[in-house]
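Novice: Sharing a structure here in C-alpha cells format.
Taken together, the values in this text are just the output of simple stated rules run on the coordinates, not laboratory data. Keep in mind that this is a model prediction, so the values were computed, not measured. With ideal geometry, Cβ positions are generated from the backbone for all residues, glycine too; neighbour counts draw on all protein chains shown.
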Amino acid sequence: MCSTNYCLAIFVLVGVVAAQQNPQLTPCNGINSLNTCQGQFNTKLGFDASLGVAKYQDLRSAIEKSYADSQAYGLLKTCEAYKEYQQCYTDGQFFACAQNPFGIITATNNGGVQYTRDQAYGYVKIWNQLDFVCGAGFSIFANAEVCGSSVFNNQTAGMRQCDNDFDVNSKADPSQACAYVEAASTCYFNLFWDACKKPEMAYWGCNYERTGTNLLYPQCTQIFCSYDVAGPVFATSRIHRVTAGGLDCDSTLYMECQSDLNKALSISDPQPWLKHTTRTKDLMESAKAFREFKTCMGAQYSDCMSPVHFVSVSATPFAAYQFVGLFNQMHFVCGAGLQTYLSNEGCMSTTWKGQSGQQLTQCRLDYEVTSDVDPMQACTLANKYLICFESQFKQNCGDKSNDAQFWACEYSRVNIFTRFPQCAARCVLPYSGGIIG
C-alpha cells in the first residue's frame, strides 16, 4: 500500500509520460489555452482578470454572486460566457483544462506555475456544475428564480460548509468518498429545500453539488437526486393520456384557474378554448403564468387539460386540440426550451414578428386544417410543418443556428404529437429538418 499523496505523485509523473498514449492524461496548455479562455470568460462577465485556477474560490464566488444578484438573467449571462469559454478551446484542450483535474495538475507552458490538487479539483468542479446549470437545470432555476437566488444571497456560508465538510472527510478517508459525495449532495438539497420548500429546487440544489463532486469520483455511480414527481413544475403532462380523461374535470376549479391565467396574460375571453388564438407576451412572464396555472390545477390538470373535457363543454374537436396543443407547447417553452430561447432571444423573438411571424401562423394553420380534414395524411404532412418552422428560424438566426432551428422543430413537433401521437416525427441536431421514422 502507498499513501494517497505518494500514489498521486506517481500518477502525475506517469501522466506526463503517457499523455500521448492516453487522451485522458493530456496536459493542459496553460498559456495558450487555459489562460486565454479564462481571460475571455472573465472579460465577458466583467470579472477580475486574476480569477482562475489559483483563485478558484473567488471565481466560484463571482459566478454565484451573478445568480444571487441577477437571478435567471445571471444564469443566462454566465451560460453564454461558458458556451464561448468551451468554444475557445481547440485540440481537446477543453477536457484537459476544464474537465480533468489531472490535466491541470500536469499543465505545461504555464510560466512555471504548479497548481495544487485542491486548486485543480475546485476549478474543474465549477465547470462540471455549469454543465448542469446551463443544461437540465436551467429551466428549473428560471421557474423559481426568486427563492433560488435567495440561497446564493443568504446561504453562502452554509454551501461553503457543505463543501468544506466534503473536502475534509474525503481527504481523511478516501475509501468512503462516495458516502461523502452523497452527504454533500444531501447538504445542498436541504439548503434549497429550507429556502424554497419546493421539491424541484431541492432537486436542483442536490444536482448542483452532485454533478460537481461526482465527476471527480466517477466510481460513485449509484448516487442520484430525486424529487416528488407530483411537484408543481415537474409533473409534466403525459401527452399520450390526453384523450383518456376529461370527463372527471372539476369545472369550477378549472374556471377559477383559467380566469387567473387570462388576467395574467391579458386574455379577455372567459372561454378561450372556443376560439383559439396565439397570444405572445414576455417569455418569463408567460412561463410564470403557465406555471401558476398548473399549480392552481394540481391533480386536476391532466383531467381538465384534455380535448375530451373541452369538447364536453361545447368546443369543437378542432378548437379543443388547438387549445390543448398550446399548453403542451408551453411545457416545452418554459422547460427544456427556455434556455435556448433566452440565449437567442433577439433573433427568435424577431422571427415571431412581421412577415416571418405570419408565415409561422400560416404553417401551423395549414397543418392543423389539412390534417383535420384528412387525418390519414397527418404524419406525412408533419415533416412539411417541421421544416416550415425550422426554415423561418434559420432565416432570422443564421445558417449555423442549430439550437434555434432545433427549438423551432421541437416546438412544432409537440403540437403535432398532441393530436397525432402515432406520428414518429423527431427533431435531430445538428441536422436541419424533422425526420419521420
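Novice: For the stretch 281-320, what class follows from the C-alpha gyration tensor (a ≥ b ≥ c being the square roots of its eigenvalues): rounded when a/c is under 1.5, otherwise prolate if a/b is larger than b/c, else oblate?
Specialist: Cα axes put the stretch 281-320 in the oblate bin.
Novice: Mind giving me the FRET efficiency for Asn383 and Glu345? R0 is 30 Å, r the Cβ-Cβ distance, nearest 0.05 is fine.
Specialist: 0.60
Novice: Right, something else. Sorting check: for 168-179, 68-79, which peptide has the highest mean count of neighbouring beta carbons within 10 Å, and how do the rest follow?
Specialist: Output ranking for 168-179, 68-79: 68-79, 168-179.
Novice: Another question, if that's okay. So if each residue of separation counts as 0.36 nm, and I subtract the Cα-Cα distance between Asn153 and Asp399, what length gain in nm does that give?
Specialist: 84.5 nm
Novice: Then there's this: Taking a 29 Å limit on the Cα-Cα distance, which of the listed pairs Lys65/Lys400; Lys198/Lys400; Lys197/Lys294 fall beyond it?
Specialist: Lys65/Lys400; Lys198/Lys400
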